[in-house]
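For reference, the structure discussed in these notes is given below.
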Amino acid sequence: MELAQVRLLVTDFPACYRFYGEVLGLKPQSGAEEGPYEKFSPAAGSAGIALQDRAMMAGLLGEVAGSVAGHRSLVVLRVDDLDAYCAEIIDRGAELTHGPAPLTDRMRVAHLKDPEGNLVELQEWLLLRA
């Protein structure tokens with residue numbers, strides 16, 4: 001398993017994009033200033049911080065995006081075999097809230113919450129990143 005990123009679920013994506021890119025000086029991966037997703041890295045090869053539109057994630061999970069109790073962060077873990085890992089953690093008591101399911105043509109994901117309600121995403125990359 002590899003820590004892929006800590007993702008912040010944001011409502012004002014452009015403002016957060018400017019903050020992490022222009023104010024903190026982190027390097028954006030793709031230049032998607034309007035979202036719905038962007039990864040920022042302090043240096044090549046490090047896990048980095050990512051921004052994702054909160055409404056997009058709420059829609060994926062079937063939740064209300066504008067809720068005060070809505071998710072604000074997401075811990076992302078990359079695994080080699082999503083189905084096998086999910087089966088293992090379900091046997092150990094985990095309850096998935098979503099997936100395993102395709103997210104893009106390059107990855108499959110599953111989501112669960114820790115005992116405090118923090119959102120965790122498990123990722124399996126199907127194709128190598130360019």
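Since every read-out is calculated from the coordinates, none of them should be taken as a lab result. In this text the structure is predicted, and so the values were computed from the model without any measurement. Virtual Cβ from ideal backbone geometry, glycine too; neighbours counted across all protein chains shown.
Ordered by packing density, taken as the mean number of other Cβ atoms within 10 Å over each peptide's residues, highest first, how do 47-60, 1-14 rank?
Details: 47-60: 18.9, 1-14: 15.6.
By packing density, highest mean first, the sequence is 47-60, 1-14.
Let me spell out the model: positive unit charges on the Cβ of Lys and Arg, negative unit charges on the Cβ of Asp and Glu, origin at the Cα centre of the chain. What dipole size does that give, in debye rounded to 20? Walk me through the numbers on the way to the answer.
Details: 12 positive and 19 negative charges, 71 e Å.
Charge dipole of the chain: 340 debye, to the nearest 20.
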Counting DSSP beta bridges with both ends in the chain, the antiparallel % (nearest 5)
70
